[in-house]
1. With respect to B:ASP496, determine if the residue is farther than 15 Å from B:ILE369 by Cβ and at pLDDT below 95.
2. So which residues in region B:265-286 are farther than 24 Å from B:SER219 by Cα and within 14 Å of ligand 1 (Cβ to nearest atom), if there are any at all?
3. Can you pull out the residues in region B:115-140 that are more than 8 Å from chain A (Cβ to nearest Cβ) and over 26 Å from the mean Cα position of the chain (by Cα)?
4. For region B:432-450, which residues satisfy the criterion of being more than 10 Å from ligand 2 (Cβ to nearest atom) and in contact with a helix residue (DSSP H, G or I) (Cβ under 7 Å, 6 or more places away or on another chain)?
5. Given the options B:THR121, B:THR150, name the one that is surrounded by fewer than 21 Cβ atoms within 10 Å (Cβ to Cβ), under 29 Å from B:ASN413 (Cβ atoms) and at pLDDT 95 or above.
6. I want to confirm something. Restricting to region B:469-523 and keeping residues that are assigned to a loop (DSSP other than H, G, I, E, B) and within 16 Å of ligand 1 (Cβ to nearest atom), which single residue is surrounded by the fewest Cβ atoms within 10 Å (Cβ to Cβ)?
7. Sort through B:VAL478, B:VAL392, B:VAL440, B:VAL468 and tell me the only one that's more than 14 Å from chain A (Cβ to nearest Cβ), within 14 Å of ligand 3 (Cβ to nearest atom), in contact with a Leu (Cβ under 8 Å, 6 or more places away or on another chain) and modelled with pLDDT of 95 or more.
8. What about B:TYR182, is it more than 25 Å from B:ALA346 (Cβ to Cβ) and within 14 Å of another protein chain (Cβ to nearest Cβ)?
Amino acid sequence: MRHIISLLLENESGALSRVAGLFSARGYNIESLTVAATEDPTLSRMTLVTRGSDEIIEQITKQLNKLLDVVKLVDLTEGAHIEREMLLIKVEATDGAREEVKRLSDIFRGRIIDVTDRAYTIELTGTGDKLDAFLQTLGKAGIIEVVRSGPSAIARGDKGLHL
Amino acid sequence: MELTGAEIFVRCLRDEGVEYVFGYPGGASLHIYDALYKQDEVKHVLVRHEQGAAHAADGYARSSGKPGVVLVTSGPGVTNTVTGIATAYMDSIPIVVFSGQVATSLIGNDAFQEVDAVGITRPCVKHNFLVKDVKNLAETIKKAFYIATTGRPGPVVVDIPKDVTAHKTEYHYPKSVSLRSYSPVTKGHSGQIRKAVDLIMQAKRPMIYTGGGVILGESSKQLTEFVRLLGYPCTNTLMGLGAFPATDPLFVGMLGMHGTYEANMAMHECDVLVAIGARFDDRVTGELSKFCPHARIVHVDIDPSSISKNVPVEIPIVGSVDNVLRDMIKLVKESKQRPDKAALQAWWKQINEWRSLECLKYEHSDKVIKPQAVLEKLYELTRGDAFVTSDVGQHQMWAAQFYKFDKPRRWINSGGLGTMGFGLPAAIGAQFAHPGETVVCVTGEASIQMCIQELSTCKQYSLPIKIVNLNNRYMGMVRQWQEFFYDRRYSHSYMDALPDFIKLAESYGHVGMQIDKPSDVEGALKEAFKLKDRLVFMDFITDQTENVYPMIAAGKGQHEMQLSPCRRDTSAERELA
Ligand SMILES: Cc1cc2nc3c(=O)[nH]c(=O)nc-3n(C[C@H](O)[C@H](O)[C@H](O)COP(=O)(O)OP(=O)(O)OC[C@H]3O[C@@H](n4cnc5c(N)ncnc54)[C@H](O)[C@@H]3O)c2cc1C
Ligand SMILES: Cc1ncc(C[n+]2csc(CCOP(=O)(O)OP(=O)(O)O)c2C)c(N)n1
Ligand SMILES: [Mg+2]
C-alpha cells in the first residue's frame, strides 16, 4: 500500500540525511520526498511517499519517530487528505504543435510560464495521476525537460500538524 | 569569567560527574588534552587503540550503569572507534564519544585528518552532534549525556572542531535539558497492563522471557519479585543473564541458539509468553514461522520499534521495565485470581522432565582440558561473584552456559554485534568501575589477538585482570559451523603461528601461565587469583574440537535443537521424541 507520511523535522543540517539514511539502511522503499522550512524557521515539513505492507509501514513510522530530529509525524493516508504535486515541463512548440500544446495545457489547467519561438514552459499542479495523464497526452516526442516536485500533502478538515 | 572550549569541555565532564575518560590524543584534540593536564578531577585513561577506548568505556558502562566516556582525535582517531560505537549501539549501551574535528573553516576541504565523523557514525549512534559554536558546547554535552542514558540507551557522538575548543565564552552547565522531539515514555499504559496481568493469571503454561532491557533498566529486583510471586519459569537472553538469579529453581537457563533444552522447549510449548526488555532477536527465535506456535504474547519494551518488529504481539506495553513491573506486581497482588495450581504443577513436571536431560553435560576427560570444565571451576572458585567479560566465539557461549550469574551487570559481552576484541578492553572498563573486585576476561586465542595491545594499558594502570584464554587453536565457532554445515572443510579457521602467550604476557610486564593438563586447571586458577595485584594471562590448551551444544541450526524451530552426542542417547530424549 502507498502511504504519505508527513513529518515536522528540526530544521538542521543533519536531519534530512538521518531520514534518508534510515530508509536506505533498513531497506525501506522511498518513492518521493519533499522538504522545506515552515512558518517557524526552526522546523521543516517533509512529505514522504513510501510503499509497504502494514507491518513495514508500522516499523517505518516507529523508526522515524525514534529519530531525534523528528518532532511530529502523521500518516496522512490514515484519514482524508489532499495531495498536490507540481510539474514544470518544457515542450517543443513549433509550427502546428504550438497551438496543440497550448490547447492541451488549457484543458489540464496548466499555465504557460515561459515562451520562446521554439518552446513553451508549462506549470501544472494536481495529483500525481493528473500529471501522469498530462505527460501521456503530450507524448514523448516533444518533451525537452520534465521536473516534478513530488507530492506535498495536507489533511482535510480544520486540524493541522504543528507543535 | 570566560573559558576556552577545551576548559569548558573538562568542566562539563566534571559537572556531569564523569570519573574516567578513555582516550587517545591527536592534533584536533590537543587543546582538550592540555586542559585535562591542568586538572585532576576528571581522570584520563590512555588506551593503545581507539577501539579499545570505546570498548573500555562500554565495559565501564555495562558493569556500573553509568555512561562511559571516550575522547579521540579526528580522522583515524574517530574511524578507529566505529567498531566500538556499533558494538555499544547494538546492545543499547550508554556511551558518549567525543571526537576532535578539524577547524570549522577547514571542514569540507579534505583537510589533514578530516573525516565526516557525524556521517560515518550516523547509522550506529542513537544521535550525534557537530558543535559549530563554543556557545553551544556545554548544552550539547548535557544533551549528549541525557540522550545516551535515557529511554533506550545508546551511544552518542559529539564532534568538536579544534577552533571551537580554543574560542572563549561564559561557562554554564545546564542542570537539565529538554528536547521537544525526544521524550521517552516510561509509564506503561494502565489498561494494557491490566489486560496483560489478566492474561498472565490465566496461563496454563506460562513462560517469562527477559532480556538486556531488565539490566539496562536496573530492574532485576522487580523481575525477581514478579517471577517468584507467580512461580512461573523464567529464561534470559544472552544479554539478560544475571537479571534473574541463575541459581533460582525457577530459572530454566538461557534460551536461543545455544540455550538450554528446557528453556527452548518451554518457549515452544508455552501458552502465554511474557517478554520483558527483550527484542526477539533471530538468535533467540530461530525460524520465525515455527516460533512459539501456541503462545499469546505480552511484550514490555521502552522502544516501540522493538515491539512487533519480528513477532506480532497481542498485548504491547511501551514503558520502562522498572515502572511496568512495579505496576504488574501490584496488580498481581491485588488480583483475586491466582495462577492455576494444577496446570502449573503439570507444566513444571513437564519442564523438569526436559531438565532431566541435562543438556549441558559434556564428556569429561583426564587427558585433555575441556573448556567447560575450566569455566565450571572458574565459577566455583569465584563463587559466581566475578565480573566476567568475554570475547566472541565458543568460549563466549560456554561462559554464558556454565557461569551462573546471580547478579546483574556481572556478565559483559557483545551480543548484538558479536565483536571479537571486545573482552580485554571491556575488562579494563569494568576494573576501573570496580577497583578491588575480581574481573575475569574469558577469551579465545583468536579474539584476544584483536585488541591484545591493551595489555599495555593494563600494565600502565596496574589492572589485576585475570585472562582465561581457552586456546583451541581454532576459530572454534567458525570451525563448528564448518564441521556441521560445510563437510568439515576447515577453510581458514585454523589459528596457525600463534604467539607464545606466556612470553607475550611477560613482555607486557604481566604474569603468563600455560596449562595443558586437566589436573592443573584448579591449581592454576587458584594461583592466579592469589596474585591479587597482577594481571595473569592463563593460556588453557583445550580440546581442539569440542562443540557448543545444544544448537539450533538455521531454519530450525526452537524445539528442533541438536543435542550433544553424549546426551542424544538418553532415555529422556527417547521418551520425548
Ligand atoms: C556467537 C553468538 C551467539 C549468540 N547466541 C545467542 C543465544 O543462544 N541466545 C541468546 O539469547 N542470544 C544469543 N546471542 C545474542 C543475540 O545476538 C542478541 O544480542 C541477543 O539475543 C539480544 O538480547 P535481548 O533480546 O535481551 O536484547 P538487547 O539487545 O539486550 O535489547 C534490549 C531490549 O530492551 C529494551 N529496553 C532497554 N531498556 C529498557 C527499559 N529500561 N525498559 C524496557 N525496555 C528496555 C530495548 O529497547 C531492547 O528492545 C548470540 C550472540 C553471539 C555473538
Ligand atoms: C571482528 C570479528 N571478526 C570475525 C568474527 C566472526 N567470528 C565469530 S566467532 C569467531 C572465532 C573466534 O575464535 P576464538 O576467539 O578462538 O574463540 P573460540 O570460538 O575458538 O572459542 C569468528 C572469526 C567476529 N565475530 N568478529
Ligand atoms: Mg579458539
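1. Values: farther than 15 Å from B:ILE369 by Cβ: yes; at pLDDT below 95: yes.
When the stated conditions are applied, B:ASP496 passes them.
2. Listed by number, the residues that qualify are B:ASP282, B:GLY286.
3. B:VAL115, B:ASP116, B:VAL131, B:LYS132, B:ASP133, B:VAL134, B:LYS135, B:ASN136, B:LEU137, B:ALA138, B:GLU139, B:THR140
4. Going through region B:432-450, the residues more than 10 Å from ligand 2 (Cβ to nearest atom) turn out to be B:432-441.
The answer is B:PHE432, B:ALA433, B:HIS434, B:THR438, B:VAL439, B:VAL440, B:CYS441.
5. Numbers: B:THR121 fails: surrounded by fewer than 21 Cβ atoms within 10 Å (Cβ to Cβ).
None of the other options fit; the residue is B:THR150.
6. Applying the first criterion (assigned to a loop (DSSP other than H, G, I, E, B)) to region B:469-523 yields B:472-473, B:475, B:486-493, B:495-500, B:508-510, B:516-517.
Keeping just the survivors that are within 16 Å of ligand 1 (Cβ to nearest atom) gives B:472, B:475, B:493.
On the way: B:ASN472: 24, B:MET475: 23, B:SER493: 18.
Once the filter is applied, the top-ranked residue is B:SER493.
7. Working: B:VAL478 fails: in contact with a Leu (Cβ under 8 Å, 6 or more places away or on another chain); B:VAL392 fails: in contact with a Leu (Cβ under 8 Å, 6 or more places away or on another chain); B:VAL440 fails: within 14 Å of ligand 3 (Cβ to nearest atom).
Answer to the check: B:VAL468.
8. On the way: more than 25 Å from B:ALA346 (Cβ to Cβ): yes; within 14 Å of another protein chain (Cβ to nearest Cβ): yes.
Yes.
The values are calculated or read from the model by the stated rules, or taken from the named source; none is laboratory data. Computed from a predicted structure; not experimentally measured. Quick reminder, even Gly has a Cβ in these numbers, built from the backbone with ideal geometry, and neighbours come from all protein chains shown.
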